[in-house]
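To start, the structure itself, in structure tokens.
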Amino acid sequence: MVESKKIEIPVGEKIVTIETGKYAKSATSSVTVRCGDTMLFVHCCVSPEPRVGIDFFPLLIDYEERMSAIGRIPGGYNRSEGKASDKAILISRLIDRPIRPLFPHGYRNDIQIVAQLFSYDQVNQPDTLAMLGASCALMLTGVPFEGPIGAVRVSKVDGKLIANPTHQEADKSDLDIVIAGTHDSVIMVEAGCKFVTEDDIMEAVEFAQVEIKKQCEAQLKFAQECGIVKQEFVDPYDTTELKNIINETAHDMIFDAYHNFDRTYRQNKLDEAKKLVKEKVEALPEDHYIHKIIEETGIDFVAEEFKAAEKKIMRAMILDEGVRADGRKPNEVRPIWCEVGVIPRAHGSAVFTRGQTQILSVATLAGPGMAQELDGVDPETKKTYMHKYIFPGFSVGEVKALRGPDRREVGHGNLAERANVPALPSQEEFGYTIRVTSDVLESNGSTSMGSTCGSSMALMNAGVPVKCMIGGVAMGMITEPGREPVVLTDIQGIEDFLGDMDFKVTGNDNGITALQMDMKAKGIANDTLRRALAQAKEGRLHILSKMREAISEPAKELSPYAPRIFTMTIPVDDIGTVIGPGGKNIRGIIEASGAEIDIQDDGRVTITSNDKEGADIAIRMINQMTFKPTEGLVCKGKVVKIVQFGAFVELAPGKDGMVHISQVCKERIDSIEGHLNVGDEVIVKIIKIDDRGKVSLTIKGVTEEEAANCK
């Protein structure tokens, strides 16, 4: 019999079961995570030796969805799962972000975590279960992981906070937030909100920490029961002598570089200092220890320790002098300028520039038929608002091939998208599909927040009736043991790279719409997080005021190049008639009118056209197809046949009526000739429909008012 071990962890009102020892036994560790009928396999493999020639921790996270998890075969020609969906990429990032900071400096063994979703009840959401499973799998490997971590999604329904809500509960809530952390501090926050307050966020964080602590304690106990002994890690390479060389040779130059607030001067000075250090190292004897470890590992320890020296000086400036690398105070935002309507043929466009970060956002409108179809396991099947974030090499002065979006670009685009969604009108109010692209033209920190701001202005420039303007700001933190942490507003690139936190907050004047917090430190205290939220609000209000100097409300009219949407309703029984066999009829309407046609199950028809003439053609053709004669109806028809006793008039294709000779003129006539001819357009009224469906018409019975209304 297979020997397995199992634990049950209560999360809110649910029970999460984790089991190991049964499957994938060749992996370093493997666990099965289950809540309800949502079940994942999470596997972890650790290389026995460190990877040579790298200066980073090689952690690889892959989250995979199987369409069989919901009993479906994938769409597409091959009927197989293709590249990871955006949702899968976002969950991979969710798993990675709280785990990566919890490994010791210098640890370079390859670690891969694969989380596979094999069963999904579409009630119990899998992302926090995957995060919990990844932490547990790591604990069972015995690697020097400074965890475990716990992860909880929190929503608020009817005034009550809920841990790991269902999709349905989360949809009803104004708050949807994922918090991950250790037993005593928060490491990561990811949220989409509908204008909640800072106090609401802190209430959710404190609620989640109770659940996270339970998860961490359960994992420690489980690892102990499984007989896991945690490895001790000591960096095998002593770089003390190299640090001394850098300190003696370059300290003053680095200090000078960081105290000059000109970015070009600083970079040139740092390059000069690094060159001197390299020359000094190269002058050491060939058999010197520093040469040996560089040759043995392939790691550029000079660059690594030089960056550490920069970090120490930059952080000391902030902690001791209250001055940042560009001369700002901790709560100061870089200079901002904005403009809108910069792209002539775009439906809406805006440029947001803050310091040396510049974003061009372009909004494009289309009909509902252009909504993005989602072929995934989630209940959501389509999106009518999309945001794409593009980060080319030239934005940082580098040569870089243009490829599809990487994981970072997907994450940044999703954050800016989520930030603006609460401000959008409903589909009933504004039936368009909207796509915004944000091209990074120049980057020096917080391009995702620049994209959030640029997108909001582009939407307003396009005439989308948004509820409010949305702005965003990135917060940082510098902390040292025994010192009060310093929170930084609007961090630039170097403060992100050398700092301890990247905390992005978006919203309007009154509430928050999205959050994303990542830590390089081992966590953040609640009082510091509360202070960061308050300081972020001050920064956000300042940024919104600058954005309003360029545009303060949505444009009154859409761009002349934007399509127009017309709506009509047809009887549900006529939907098949309009579509036709194999879509023949609706294709004919589209070809004749050039319009985009979208028909809902309730009979609502949306016609999207770049000109009114095309829309009129489509409307007329649909009206003709769905025409049903009723007594008293006045309509326009065409004479198709003359007979001795009257004329046949076509009311719609295949639907005729007859005007008796007595109903042509007010006076008596003996012959139709001279009064009606084949091809004449006439306005008629239906005066009778007999039992066999034959329609009798009148021309003389149409009043002048009825005739005028029919034209």
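Things to note:
Conditions (1) out of contact with any Asp or Glu (no Cβ under 9 Å at 6 or more places or on another chain); (2) part of a strand (DSSP E or B), marked per residue:
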site	(1), (2)
117	no, yes
130	yes, no
138	yes, no
144	no, no
147	yes, no
155	no, yes
162	no, yes
179	no, yes
193	no, yes
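- Per this entry, residue 513 is counted among residues that are crowded, with 19+ Cβ neighbours inside 10 Å and not small (Gly, Ala, Ser).
- Listed by position, the strands (runs of 3 or more DSSP E) enclosed by the range 496-570 that each have at least 3 residues that are aliphatic (A, V, I, L, M) and under 25 Å from the mean Cα position of the chain (by Cα) are 512-519.
- Tabulated pairs, the range 680-698, first within 16 Å of residue 652 (Cα to Cα), second hydroxyl-bearing (Ser, Thr, Tyr) and in a strand (DSSP E or B), C-beta under 7 angstrom, 6+ apart or interchain: 684/698; 685/698
- Of the strands (runs of 3 or more DSSP E) lying entirely inside the range 392-491, those containing at least 3 residues that are closer than 18 Å to residue 359 by Cα and touching a helix residue (DSSP H, G or I) at 6+ places or on another chain (Cβ under 8 Å) are 433-442, 471-478.
- Within the range 315-342, being within 21 Å of residue 483 (Cβ to Cβ) and part of a loop (DSSP other than H, G, I, E, B) holds for 322, 323, 324, 325, 328, 329, 330, 331, 332.
- Residue check for residue 273: touching a helix residue (DSSP H, G or I) at 6+ places or on another chain (Cβ under 9 Å), touching a residue at least 24 places away in the same chain (Cβ under 8 Å) and loosely packed, with under 14 Cβ neighbours inside 10 Å: no
- Selection status of residue 535, touching a Ser or Thr at 6+ places or on another chain (Cβ under 6 Å) and not assigned by TED's automatic domain parsing to the domain that holds residue 610: yes
- Exclusive hit being outside the structural domain of residue 15 (by TED's automatic domain parsing), of a type in the set (A, V, I, L, M, F, W, C) and farther than 30 Å from residue 327 by Cα, set 195, 207, 255, 233: 233
- Any hit, the range 28-41, residues being free of Cβ contacts under 8 Å to residues at least 12 places away in the same chain and of a type outside the set (A, V, I, L, M, F, W, C): no
- Selection count, the range 242-267, where residues are surrounded by 13 or more Cβ atoms within 10 Å (Cβ to Cβ) and either free of Cβ contacts under 8 Å to residues at least 24 places away in the same chain or in a helix (DSSP H, G or I) (or both): 17
- Residue in the range 169-180 that is closer than 27 Å to residue 60 by Cβ, basic (Lys, Arg) and over 19 Å from the mean Cα position of the chain (by Cα) present: no
- Among the conditions (1) exposed (fewer than 15 other Cβ atoms within 10 Å of the Cβ); (2) part of a helix (DSSP H, G or I); (3) charged (D, E, K, R); (4) touching a residue at least 40 places away in the same chain (Cβ under 8 Å), residue 232 misses just one, which is (2).
- Annotation note: of 685, 641, the sole residue that is among the charged types (D, E, K, R), touching an Asp or Glu at 6+ places or on another chain (Cβ under 9 Å), buried (at least 18 other Cβ atoms within 10 Å of the Cβ) and outside the structural domain of residue 594 (by TED's automatic domain parsing) is 685.
- Here residue 90 does not fit the description of being assigned to a helix (DSSP H, G or I), farther than 27 Å from residue 193 by Cα and in contact (Cβ under 8 Å) with a residue 60 or more places away in the chain.
- Of all residues in the range 283-303, those satisfying the criterion of being out of contact with any helix residue (DSSP H, G or I) (no Cβ under 9 Å at 6 or more places or on another chain) and in a helix (DSSP H, G or I) are 292, 295, 296, 297.
- Unique match (being in the same structural domain as residue 543 (by TED's automatic domain parsing), buried (at least 20 other Cβ atoms within 10 Å of the Cβ), over 21 Å from residue 343 (Cα atoms) and in contact (Cβ under 8 Å) with a residue 40 or more places away in the chain) among 411, 454: 411
- Filtering the range 591-611 to residues that are over 20 Å from residue 433 (Cβ atoms) and either outside any loop (DSSP other than H, G, I, E, B) or in contact with a Lys or Arg (Cβ under 7 Å, 6 or more places away or on another chain) (or both) leaves 591, 592.
The values are calculated or read from the model by the stated rules, or taken from the named source; none is laboratory data. The shown structure was predicted, so the numbers you read here are calculated from the model rather than taken from an experiment. We place every Cβ from the backbone using ideal geometry, glycine too, and count neighbours over all the protein chains shown.
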